[in-house]
Amino acid sequence: MDLHLKSKNAVILGGTRGIGRAIADTLAVEGANVAICARNADQVKEAVTALNGKGVRATGAPVDITDGKALTAWIESAAKALGGIDLLFSNAGAMAQGNDTTGWEANFKLDILGAVNAFEAARPHLEKAADEKGDAAFIIISSVSAAEADNASSYGPIKAALIHHAKGLARQYATKKIRINTVSPGMVYFKGGVWHMVETNMPDYFKNAMSRNPMGRAATPEEIANAAVFLASPVSAFTTGSNLVVDGAISHRVNF
């Protein structure tokens, strides 16, 4: 299927590893130009080099996404480097667990304010793209933990807030042809990721967690990226305000 993404310009927060990197790679294969940011300068440099090798324009910089001014400045520079912004992906997450104040603050500053500040910075460019081309999109990566709870923790409520925020934005900007959707992954495994670390350091816990997956495995970053890129593409032009659960049926709720 042609997703009609050739020559589109995309900005990805947290684009050097895992789901974010897979989103950037998938977009580049589809012919979209990409700008990525993350904290680690070496990882950004490696990713940009690899993305440029796919025949598209790619740029990136090390950015502390919790620094609103720095994030806004980078998004503006990315828009100039790419020639605009058609697609925005908020993927970065603090991944803090537990119910302590430090975890709540870390998740709020990175996950929530990162998404809020990124959209506000990119909004004029998204509006321009939508006005000229008829479609622009903002995709937020949430989690099935938004609607699953075993104990008190900041992680799930923060992810739930992202879904709520996306729905409000979707209704607010529908008339401007900017679509906002979320993707909620279940367990995602990749080398160097959280579940790889759990597998290494807590093998019994990892086996128990893996056994809860009805499909017998975790998702790959590419499987989540495929869903996110599809939702962002003009092929999904009437889809906005949705939360796409990509979890291999690990969650128990019915997704009405």
Response to the item:
Taking region 98-112 and the residues there that are under 19 Å from the mean Cα position of the chain (by Cα) and not basic (K, R), the one that is nearest to A225 (Cα to Cα) would be D111
Item to complete: Inspect region 17-28 for any residue being acidic (D, E) and either surrounded by fewer than 20 Cβ atoms within 10 Å (Cβ to Cβ) or in contact with a Lys or Arg (Cβ under 7 Å, 6 or more places away or on another chain) (or both) and give the result as yes or no.
Response: no
Response to the item:
Of A35, A41, A58, A28, the only residue that is over 15 Å from I85 (Cα atoms) and not acidic (D, E) is A41
Worksheet entry | Only listed residue being in contact with a helix residue (DSSP H, G or I) (Cβ under 6 Å, 6 or more places away or on another chain) and modelled with pLDDT under 95, chosen from G186, G241, G193 | G193
Worksheet item: In region 125-150, how many residues are buried (at least 24 other Cβ atoms within 10 Å of the Cβ) and hydroxyl-bearing (S, T, Y)?
Response: 2
Discussion item. Just to verify a result, which residue in region 9-62, among those that are assigned to a loop (DSSP other than H, G, I, E, B) and among the small types (G, A, S), is nearest to L110 (Cα to Cα)?
Written reply: G14
Worksheet entry | Scan of region 63-77 for residues that are surrounded by fewer than 17 Cβ atoms within 10 Å (Cβ to Cβ), part of a helix (DSSP H, G or I) and either in contact with a Leu (Cβ under 9 Å, 6 or more places away or on another chain) or charged (D, E, K, R) (or both), ordered by number | K69, E76
Worksheet, complete the sentence: Taking region 214-256 and the residues there that are of a type in the set (D, E, K, R) and assigned to a helix (DSSP H, G or I), the one that is nearest to G193 (Cα to Cα) would be E222
Item to complete: With the condition kept exactly as written, say whether any residue in region 98-111 is assigned to a loop (DSSP other than H, G, I, E, B) and under 24 Å from L169 (Cβ atoms).
Response: no
Worksheet item: Quick one: would you say G98 is in contact with a helix residue (DSSP H, G or I) (Cβ under 9 Å, 6 or more places away or on another chain) and either more than 19 Å from L5 (Cβ to Cβ) or not aliphatic (A, V, I, L, M) (or both)?
Response: yes
Worksheet entry | Qualifying position, being free of Cβ contacts under 8 Å to residues at least 60 places away in the same chain, within 24 Å of L87 (Cβ to Cβ) and under 14 Å from the mean Cα position of the chain (by Cα), among A227, A166, A219 | A227
Worksheet, complete the sentence: A careful count of residues in region 208-221 that are more than 20 Å from V246 (Cβ to Cβ) and surrounded by 11 or more Cβ atoms within 10 Å (Cβ to Cβ) gives 0
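The values are calculated or read from the model by the stated rules, or taken from the named source; none is laboratory data. All figures in this text were calculated on a predicted structure; none of them were measured in a lab. Neighbour counts are summed over all protein chains in view; Cβ atoms, including those assigned to glycine, are modelled from backbone coordinates with ideal geometry.
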